[in-house]
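Here's the structure we're looking at; comments come further down.
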Amino acid sequence: MYKILKKEELAPGVKLIEVHAPLIAQKAKPGQFVILRVNEKGERIPLTIADINLNLESIIIVFQEIGKTTKLLGKLREGEKILDLVGPLGTPSEIENFGTVIGVGGGVGIAALYPILKALKEKENYIISILGARSKNYLIFKDKIEEISDEIYLATDDGSLGHKGFVSDVLKSILDSGKKVDRIWAIGPTIMMKVISELTKPYGIKTIVSLNPIMIDGTGMCGGCRVNIGNKTMFTCVDGPEFDGHLVNFDELLLRLKTYKEEEQTALKLLEEGEGSKVVSK
Amino acid sequence: MLVSKKKTPIPEQDPKERIKNFDEVALGYTVDLALEEAERCLQCKDAPCIKGCPVNINIPEFIRLIREKKFDLAIKKIKEANNLPATTGRVCPQETQCEAFCTLKKIGEPVAIGRLERFVADFELQKGFETPKIERRNDKRIAVVGSGPAGLTCAGDLARMGFEVHIFEAFHEPGGVLIYGIPEFRLPKRIVRAEIEYVKSLGVKIFTNIIIGKTYTIDELLKEYHAVFIGAGAGTPQFLNIAGENLIGIYSANEFLTRVNLMKAYKFPEYDTPVKIGKKVGVIGGGNVAMDSARTALRLGAEEVHILYRRTEEEMPARYEEIVHAKEEGVIFNLLVSPIRFIGDEKGYVRAVELQKMTLGEPDNSGRKRPIPIPDSNYIFSLDMVIVAIGTVPNPLIAKTANDLTFTKHGTIVIDEKTGKTTKERVFAGGDIVTGSATVISAMGAGKIAAKSIMELLLNHNS
């Protein structure tokens with residue numbers, strides 16, 4: 001059992017939990033993830049490690065409440081426990097002194113981007129961050145990323161903060177300004193990573209994306225997380241989760257992500273109805 | 001006395017009924033049936049059957065004890081050699097092992113050794129097992145990687161020898177392939193759990209949610225333990241590498257069976273993990289895993305399930321009994337066909353497979369006749385779900401992080417077969433990670449060999 005030491009709501013429906021997990025905390029590197037199972041009947045879901053607290057031997061996870069499992073996770077209070085937690089999984093990010101690195105983060109992907117940029121900063125890269133979200137309330141980790149960035153740009157769909165529009169607009173204007181950029185990390189919704197990868201391809205700048213397909217075991221055993229990288233089948237859990245965005249077949253991934261859409265809605269509906277009946281029975 | 005040429009039949013659930021449930025197909029011998037079958041054993045002095053048993057159970061002796069109705073002693077006799085008899089009694093390919101060597105085979109069917117093993121194991125489980133007294137302890141600690149048949153056997157044997165043994169399991173539940181792979185109707189999970197409890201009762205500790213190669217490396221284990229046994233299995237599914245393989249509705253057998261067996265997707269939405277079930281399902285492959293997948297798909301409500309296999313039934317690696325069971329349940333066998341590509345719809349769902357007809361040529365290096373494509377024989381076979389069950393290769397996680405272990409080009413660990421020793425000091429290995437996908441019992445045999453070598457290394461070394 002893995003105890004929740006701290007919990008915060010970062011934005012509406014976006015939560016941070018700090019979980020006691022000494023073995024994982026000691027080993028985790030930027031870009032890696034964990035798989036957790038909330039309770040006995042729960043599914044196994046992958047979530048990126050957003051930070052580590054070595055003093056408390058804990059890891060920090062940020063997630064958006066979308067499906068049943070993330071909603072159940074969001075209901076757990078400080079002091080309560082998660083049934084299973086395994087990791088760190090996946091291949092760590094390649095952290096080197098590249099020169100100038102742009103980090104593009106969208107939505108909860110910003111939290112996944114943070115440990116990578118932090119490590120890149122420690123390697124003395126010049127860090128340009130571009131963060132985007134629906135509106136300013138959803139720009140999580142803004143202060144933490146600002147702290148480690150040499151330049152930071154914001155974009156919101158509604159224009160409530162920063163540029164009104166997409167992170168890709170901001171990125172394009174930076175690239176067009178002629179600035180020499182050595183590497184780009186883009187982490188966020190799959191469609192955002194697709195757009196960014198398509199945008200950067202003509203510029204010839206290597207663009208790393210962190211994929212989040214459907215996954216079960218996380219150890220290369222089920223093949224459910226297989227993705228098409230340069231026409232080769234790879235397993236996100238062991239070969240990734242980071243891949244060269246210019247080689248990813250995003251269209252296939254976007255289709256595969258919809259596999260259980262119906263089932264996800266059924267589970268969610270039952271959860272909400274279940275809650276409704278509980279309220280009534282009180 | 002005249003011996004019956006036939007095995008005493010084992011009662012089974014009616015196929016019409018059993019395809020609607022996940023309950024066990026074979027119901028097991030009653031006392032009377034077990035006694036009847038035990039009487040068939042000739043008690044051969046040279047006991048050829050034992051030669052065919054990878055863990056060397058004293059077969060004539062345990063059958064003699066059954067005859068004398070000493071079921072308690074019969075199970076004790078088996079457990080001298082085998083910690084998981086209720087499992088092996090169900091899933092061993094006895095027809096190619098112990099029973100293949102039975103003298104009775106010369107005049108008819110061999111003694112049903114597997115059914116008798118299962119009978120006494122179930123007899124004990126029903127009344128609660130007895131834990132043997134472990135007499136001496138030493139100060140040596142062993143780490144076992146993986147809690148499948150190889151790991152459980154190695155750990156159980158070492159615990160009996162007096163070692164402190166810790167098993168590390170990547171999943172949240174121990175048992176390996178016995179839990180995630182083999183379906184409930186062939187090996188009920190309560191049986192596996194009971195046998196794991198037995199291994200734990202010998203003093204073995206099992207730590208779940210620990211991935212060796214990630215949470216700890218082999219080198220880190222060697223700092224804390226005197227020896228390490230790697231029984232991590234061959235968990236990575238192979239795919240066909242043909243067009244359309246990532247369409248929605250195409251599963252590896254591992255994924256499909258893990259969803260159903262470990263995550264209980266057949267109980268969705270009571271359990272949260274879903275699984276797709278098509279109306280017309282194609283299962284690619286001819287081994288036990290293909291049969292398990294096909295029969296599972298039927299039970300989950302598929303209207304038609306087709307085995308698509310590139311050789312004939314004769315070359316199928318599946319156990320004969322499993323092929324018979326699958327046919328009884330209505331699985332349709334399409335032989336001498338090989339998939340060329342999968343065809344999907346605009347939403348990304350699989351809708352058909354293009355098959356090419358095959359013919360058989362000369363035997364290849366597996367000893368089976370080689371399938372040869374027939375030119376211009378391709379045709380489109382419509383379906384809406386596919387399970388790829390063409391085998392697995394070892395998981396790459398350990399290879400990525402272990403120094404001085406030697407691997408073959410197939411990713412299996414190189415060992416000395418007589419001892420289970422790897423090329424790395426104090427590290428032993430066995431089971432599918434050494435052989436590639438094989439049987440439960442051969443993995444257990446390898447676990448036993450390694451346990452013995454570990455004992456020799458650690459105890460003789462100091463004496």
Exercise for review: Report Rg(Cα)/(2.2 N^0.38 Å) for segment A:106-248, keeping two decimals.
Suggested key: 1.06
Exercise for review: Could you tell me what percent of the DSSP beta bridges with both partners in chain A are antiparallel, to the nearest 5?
Suggested key: 60 percent
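At 0.36 nm per residue, minus the direct Cα-Cα distance, what do B:Lys69 and B:Val414 gain on full extension? Give it in nm, one decimal, please.
Numbers: separation 345, 0.36 × 345 = 124.20 nm, distance 4.49 nm.
That pair, B:Lys69 and B:Val414, stretches by 119.7 nm at full extension.
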Study note, to complete from the structure: In nm, the gap between the two label points placed 7 Å beyond Cα toward Cβ at A:Arg77 and B:Ile134 is 4.1 nm
Review point. Pairs B:Lys127/B:Lys418; B:Lys16/B:Lys267; B:Lys279/B:Lys357; B:Lys214/B:Lys267: which are spaced more than 26 Å apart, C-alpha to C-alpha?
Key: B:Lys127/B:Lys418; B:Lys214/B:Lys267
**Study point:** Chains B and A together, accessible area buried on both sides, 1.4 angstrom probe, square angstrom
**Key:** 3800 Å²
Revision key, fill the gap. With the 8 Å Cα cutoff and a minimum separation of six or more residues, segment A:154-282 has a relative contact order in percent of 17 percent
Practice item. Run through the DSSP bridge list for chain B and note the antiparallel percent, rounded to the nearest 5. Key: 40 percent
Check your understanding: Between A:Ile102, A:Ile60, A:Ile82, which gets the highest mean-square fluctuation from a Gaussian network model of chain A, Cα cutoff 10 Å?
Key -> A:Ile82
Study note, to complete from the structure: Order by accessible surface, 1.4 Å probe, largest leading, for residues B:Ile372, B:Ile343 comes to B:Ile372, B:Ile343
Check your understanding: What is the Cα centroid distance between segment A:210-240 and segment B:389-458, reported in whole angstrom?
Key -> 25 Å
Exercise for review: Would you kindly find the accessible area of B:Leu308, with a 1.4 Å probe and non-protein molecules such as ligands, DNA and RNA excluded, rounding to the nearest 10 Å²?
Suggested key: 0 Å²
Exercise for review: Excluding residues fewer than 8 places away in the same chain, name every one of the aspartates and glutamates whose C-alpha is closer than 12 Å to that of A:Lys172.
Suggested key: A:Glu198
Practice item. Could I have the simple spin-label model distance between A:Glu198 and B:Ala438, label points 7 Å from Cα toward Cβ, reported in nm to one decimal? Key: 5.1 nm
Study note, to complete from the structure: SASA check, B:Asp14, accessible area w/ 1.4 Å probe, all protein chains in place, rounded to nearest 10 Å², comes out at 80 Å²
Review point. Placing +1 at every Lys and Arg Cβ and -1 at every Asp and Glu Cβ, with all other atoms neutral, what dipole size does segment B:62-122 have around its Cα centre, in debye to the nearest 20?
Key: 180 debye
Study note, to complete from the structure: Length gained, A:Asn249-A:Glu146, 0.36 nm per residue minus C-alpha separation, equals 33.9 nm
Point to revise | Antiparallel DSSP beta bridges within the protein assembly as shown, as percent of all bridges there, nearest 5 | key: 50 percent
Exercise for review: Divide, for the protein assembly as shown, the radius of gyration over alpha carbons by 2.2 N^0.38 Å, where N is the residue count.
Suggested key: 1.02
Study note, to complete from the structure: Between B:Lys280 and A:Gln265, Cβ-based FRET efficiency (R0 41 Å, step 0.05) works out to 0.95
Check your understanding: Based on the Cβ-Cβ distance from B:Lys267 to B:Ile332, what FRET efficiency comes out when R0 is 22 Å, to the nearest 0.05?
Key -> 0.25
Review point. At a probe size of 1.4 Å, how large is the accessible area of B:His172, to the nearest 10 Å²?
Key: 20 Å²
Revision key, fill the gap. The size of the Cβ-based charge dipole (Lys, Arg +1; Asp, Glu -1) of the protein assembly as shown about the Cα centre, to the nearest 20 debye, is 960 debye
Check your understanding: Using a simple spin-label model with points 7 Å from Cα along the Cα→Cβ vector, what separation in nm is obtained for B:Lys16 and B:Arg190?
Key -> 2.7 nm
Practice item. Quick one: compute the contact order of chain B, relative version, from alpha carbon pairs under 8 angstrom and 6+ residues apart, as a percent. Key: 16 percent
**Study point:** Residue-count net charge about A:Glu147 - beta-carbon cut-off 15 Å; Lys, Arg +1, Asp, Glu -1
**Key:** -2
Review point. If you average 1/r over all unlike Cα pairs in segment B:318-463 and invert the result, what Kirkwood radius do you get in angstrom?
Key: 19.4 Å
Check your understanding: Where does segment B:413-463 land on Rg(C-alpha)/(2.2 N^0.38 Å)?
Key -> 1.14
Point to revise | chain A: calculated mean residue ellipticity at 222 nm from DSSP helix runs of at least 4, using -39500 (n - 2.57) | key: -9000 deg cm²/dmol
Practice item. Send over the per residue convex hull volume for chain A, Cα only, as a whole number of Å³. Key: 133 Å³
Revision key, fill the gap. At q = 0.15, 0.18, 0.21 1/Å the base-10 log of I(q)/I(0) from the Debye formula over the alpha-carbon atoms of segment A:1-128 is -0.68, -0.95, -1.23
Practice item. Order B:His410, A:His20, B:His306, most accessible first, counting only protein heavy atoms with a 1.4 angstrom probe. Key: B:His410, A:His20, B:His306
Exercise for review: Determine the relative contact order of segment A:13-118: mean sequence separation of Cα pairs under 8 Å and six or more apart, normalised by residue count, in whole percent.
Suggested key: 36 percent
Exercise for review: Compute the separation of the alpha-carbon centres of segment B:337-365 and segment B:266-317 and state it in Å as a whole number.
Suggested key: 16 Å
Review point. B:Glu95 to B:Ile372: FRET efficiency via 1/(1 + (r/R0)^6), r the Cβ-Cβ distance, R0 45 Å, to the nearest 0.05?
Key: 0.95
Check your understanding: So which of B:Lys189/B:Lys448; B:Lys69/B:Lys133; A:Lys29/A:Lys75; A:Lys7/B:Lys276; B:Lys79/B:Lys189 end up more than 31 Å apart, counting from Cα to Cα?
Key -> A:Lys7/B:Lys276
**Study point:** Exposure rank, largest accessible area first [A:Lys7, B:Lys79; 1.4 Å]
**Key:** A:Lys7, B:Lys79
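The values are calculated or read from the model by the stated rules, or taken from the named source; none is laboratory data. As the structure is a computational prediction, the values presented were derived from the model and not from experiment. FYI the Cβ positions are ideal-geometry reconstructions off the backbone, even for glycines, and counts take in every protein chain you see. These area figures cover heavy atoms from the full protein model, side chains too; ligands, DNA and RNA do not enter into them. Shrake-Rupley method; radii C 1.70, N 1.55, O 1.52, S 1.80 Å.
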